[in-house]
Amino acid sequence: MKIEPRARLEGHIAVPGDKSISHRALLIGSLCETDVLVRQWGRSGDTESTLAAVRKLGVEVDEQDVDTLVVHGGGVRGLRAPDGPIDCGNAGTLARLLTGVLAFQEGRFELVGDESLAARPMDRVAEPLRQMGAEVLVTNSHLPLVIEGRSLTGIEYELPVASAQVKSAVLLAGLGARGRTTVLEPAPTRDHTELMLEAAGVPVRRKGRSISVEGTEHLRLEEVLVPGDISSAAPFLVAAALLPGSSLTVHDIGLNPRRAGILEVLERMGVRVGVHNRRRIAGELVGDVEVTGTHELVPTRVTAPEVPTLVDELPLVALLGAFAHGETVVSGAEELRAKESDRIETVTAALRAIGVRIEPRPDGFAVRGTPARPRGGTVDTAGDHRIAMLGAVAGVVSREGVRLEEAESVGISFPGFFELLDSVAQ
């Protein structure tokens, strides 16, 4: 697929429902004793893997529309062991959170995934669950993974690295454990799990770096309204920022401060960002974000404390850095190496291929920018949806365009991405 250069982005758009919240709506909804209406559900390859998984575990889910579901919850301990393995596809969020949910269910469960997911570490989830009394067997620290449901006891666990997925897995396991389960974070991470558990009636205690839940037998959640995914909005916002004359508004985006770091980085680099119509929906901050094109960017630094708030947007930060006069540095982002691809290496290869001066580092990268469009070229996405979207934005803001290899990988998180981009790119 060839992405041609464009002059500007202009218009008003909405993006699919937040992928992280869409996963959690299905998983937590399955544990409720109520029917849960999920509106603006973000349908993608990853979330359809979660839909298939909960159905395989015996949960009935009605699809009233492409983005409207009704989850008929079976109760906290109501999941049933299936005859065969549960395929998590490419969804790391599903694999890790579901491991926590299944740790206290009755029966034997096996989780498998595609080649990319099977290369991602699972010991980081298995270890705290074993401390709680779970029986979790992994294959050389990776999928396939086998869980035998056990009686769990709450623990206090300090995360070795900031990870919302590991935190969530432990807290979800804590729902079925005796006593209190506490997770201590080295840095704040996205708190969608905590917010949704509170909406379902679970007392969540926060104190400093710690988050605690008590075991419970009752979850009740009537409705989840999923805000637009800021990670899906980010490519459009960045493309608009890089093309002078652009004026783009993305409506109803989730603005959870633990997820919206890309907006802070844009502003720091000199981009005019407006946030309108702020409001809260089921505890989540939502609003409309407007970005106008900028003639000159300033370089910035992203360090470890900020990384969890924009870890999926860091490839786009590298592209922003290519347009800033000076050096933009990302550090403390080792987690990028454990994504769908080694994103430090794939971002470096992708941007070098189009003429950007970028150097990889063990925990990030450094970009030497110039305020001019990069040449363009061919980008190998390595089957990674975030690299595919990076390449598409690079094509729009390049001089000669970018040819994408394995462009179809965007379907993992954002089917319809290219069509929406074409609709606003002038």
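The values are calculated or read from the model by the stated rules, or taken from the named source; none is laboratory data. Every value quoted in this text rests on a predicted model; they were computed, and no experiment measured them. Positions of Cβ are generated from backbone atoms using ideal geometry, with glycine treated the same way; all protein chains shown enter the neighbour counts. When the accessible area is computed, the model is the full protein with side chains, heavy atoms only, and any ligands, DNA or RNA have been set aside. Shrake-Rupley method; radii C 1.70, N 1.55, O 1.52, S 1.80 Å.
Quick grid of which residues meet (1) closer than 17 Å to V356 by Cβ; (2) over 20 Å from the mean Cα position of the chain (by Cα):
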site: G274; (1), (2): no, yes
site: R278; (1), (2): no, yes
site: I281; (1), (2): no, no
site: V291; (1), (2): no, yes
site: T300; (1), (2): yes, yes
site: P308; (1), (2): no, no
site: L314; (1), (2): yes, no
site: G321; (1), (2): yes, yes
site: S331; (1), (2): no, no
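Mind listing whichever residues of the stretch 398-417 are over 17 Å from T249 (Cα atoms), under 20 Å from the mean Cα position of the chain (by Cα) and of a type in the set (A, V, I, L, M, F, W, C)?
Taking the stretch 398-417 first, the residues over 17 Å from T249 (Cα atoms) are 398-416.
In the following step, the residues that additionally are under 20 Å from the mean Cα position of the chain (by Cα) were identified as 407-416.
Listed by number, the residues that qualify are A407, V410, I412, F414.
Out of E340, E400, I need the residue that is touching a Gly at 6+ places or on another chain (Cβ under 6 Å), open to solvent by 10 Å² or more (accessible area, probe 1.4 Å) and not in a helix (DSSP H, G or I). Which one? Show your work before the answer.
On the way: E340 fails: touching a Gly at 6+ places or on another chain (Cβ under 6 Å).
The match here is E400.
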**Prompt:** Can you name the condition, by its number, that V54 falls short on among (1) more than 20 Å from T193 (Cα to Cα); (2) free of Cβ contacts under 8 Å to residues at least 40 places away in the same chain; (3) buried (at least 16 other Cβ atoms within 10 Å of the Cβ)?
**Reply:** (1)
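Please indicate, with yes or no, whether at least one residue in the stretch 229-242 is of a type outside the set (D, E), in a loop (DSSP other than H, G, I, E, B) and touching a residue at least 12 places away in the same chain (Cβ under 8 Å). Steps first, answer last, please.
Step one: list which residues in the stretch 229-242 are of a type outside the set (D, E), which gives 230-242.
Checking which are in a loop (DSSP other than H, G, I, E, B) leaves us with none.
No, the stretch 229-242 has no match at all.
How many residues does the stretch 28-50 hold that are under 22 Å from D87 (Cα atoms) and open to solvent by 10 Å² or more (accessible area, probe 1.4 Å)? Walk me through it before giving the result.
Our first condition is that a residue be under 22 Å from D87 (Cα atoms); within the stretch 28-50, this holds for 28-31, 41-50.
Pick out the ones that are also open to solvent by 10 Å² or more (accessible area, probe 1.4 Å) and you get 43, 45, 48-49.
Counting residues in the stretch 28-50 that are under 22 Å from D87 (Cα atoms) and open to solvent by 10 Å² or more (accessible area, probe 1.4 Å) gives 4.
Every residue, every condition in (1) open to solvent by 30 Å² or more (accessible area, probe 1.4 Å); (2) in contact (Cβ under 8 Å) with a residue 24 or more places away in the chain; (3) at positive phi; (4) hydroxyl-bearing (S, T, Y), yes or no:
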site: E60; (1), (2), (3), (4): yes, no, no, no
site: G89; (1), (2), (3), (4): no, yes, yes, no
site: G92; (1), (2), (3), (4): no, yes, no, no
site: R96; (1), (2), (3), (4): no, yes, no, no
site: G100; (1), (2), (3), (4): no, yes, no, no
site: V112; (1), (2), (3), (4): yes, yes, no, no
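Please work out if E359 is open to solvent by 30 Å² or more (accessible area, probe 1.4 Å), without any contact (Cβ under 8 Å) to a residue 12 or more places away in the chain and either within 28 Å of T189 (Cα to Cα) or more than 20 Å from the chain's Cα centre (by Cα) (or both).
On the way: open to solvent by 30 Å² or more (accessible area, probe 1.4 Å): yes; without any contact (Cβ under 8 Å) to a residue 12 or more places away in the chain: yes; either within 28 Å of T189 (Cα to Cα) or more than 20 Å from the chain's Cα centre (by Cα) (or both): yes.
Spelling it out, E359 is indeed open to solvent by 30 Å² or more (accessible area, probe 1.4 Å), without any contact (Cβ under 8 Å) to a residue 12 or more places away in the chain and either within 28 Å of T189 (Cα to Cα) or more than 20 Å from the chain's Cα centre (by Cα) (or both).
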**Item:** Top-ranked residue of the stretch 131-145 - restricted to ones that are surrounded by 15 or more Cβ atoms within 10 Å (Cβ to Cβ) and closer than 19 Å to G174 by Cβ, ranked as nearest to the chain's Cα centre (by Cα)
**Value:** V136
**Asked** Counting just the residues of the stretch 244-275 that are surrounded by 24 or more Cβ atoms within 10 Å (Cβ to Cβ) and either at positive phi or assigned to a loop (DSSP other than H, G, I, E, B) (or both), which one comes out modelled with the highest pLDDT?
**Response** S246
**Prompt:** Does at least one position in the stretch 67-75 carry a residue that is of a type in the set (D, E), in contact (Cβ under 8 Å) with a residue 24 or more places away in the chain and closer than 18 Å to G29 by Cβ?
**Reply:** yes
**Message:** Give all pairs with beta carbons closer than 6 Å in which a residue from the stretch 378-407 that is over 23 Å from D46 (Cβ atoms) and free of Cβ contacts under 8 Å to residues at least 40 places away in the same chain meets a residue that is open to solvent by less than 10 Å² (accessible area, probe 1.4 Å) and of a type in the set (D, E); count only pairs at least 6 apart in sequence or on separate chains.
**Reply:** none
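For the structure I just gave you, tell me whether R24 is within 27 Å of D288 (Cα to Cα), buried (at least 22 other Cβ atoms within 10 Å of the Cβ), of a type in the set (D, E, K, R) and at pLDDT 95 or above.
yes
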**Asked** Looking at (1) over 20 Å from D342 (Cα atoms); (2) open to solvent by 40 Å² or more (accessible area, probe 1.4 Å); (3) of a type in the set (A, V, I, L, M), which is the only condition V161 fails?
**Response** (1)
**Complete:** With criteria (1) buried (at least 24 other Cβ atoms within 10 Å of the Cβ); (2) charged (D, E, K, R); (3) touching a strand residue (DSSP E or B) at 6+ places or on another chain (Cβ under 8 Å), R301 comes up short on (1)
**Request:** Please state which of the following conditions I281 fails to meet, knowing it meets all the rest: (1) in contact (Cβ under 8 Å) with a residue 40 or more places away in the chain; (2) crowded, with 23+ Cβ neighbours inside 10 Å; (3) out of contact with any Gly (no Cβ under 6 Å at 6 or more places or on another chain).
**Result:** (2)
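For (1) within 26 Å of D114 (Cβ to Cβ); (2) among the acidic types (D, E), each residue gets a yes or a no:
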site: E313; (1), (2): yes, yes
site: L319; (1), (2): no, no
site: G332; (1), (2): no, no
site: R337; (1), (2): yes, no
site: D342; (1), (2): yes, yes
site: I358; (1), (2): no, no
site: R361; (1), (2): no, no
**Prompt:** List the pairs whose first member sits in the stretch 117-134 and is closer than 12 Å to I147 by Cα and free of Cβ contacts under 8 Å to residues at least 60 places away in the same chain, whose second member is in a loop (DSSP other than H, G, I, E, B) and not small (G, A, S), and whose Cβ atoms are under 8 Å apart, counting only residues at least 6 apart or on separate chains?
**Reply:** G133/R150; A134/F104; A134/R150
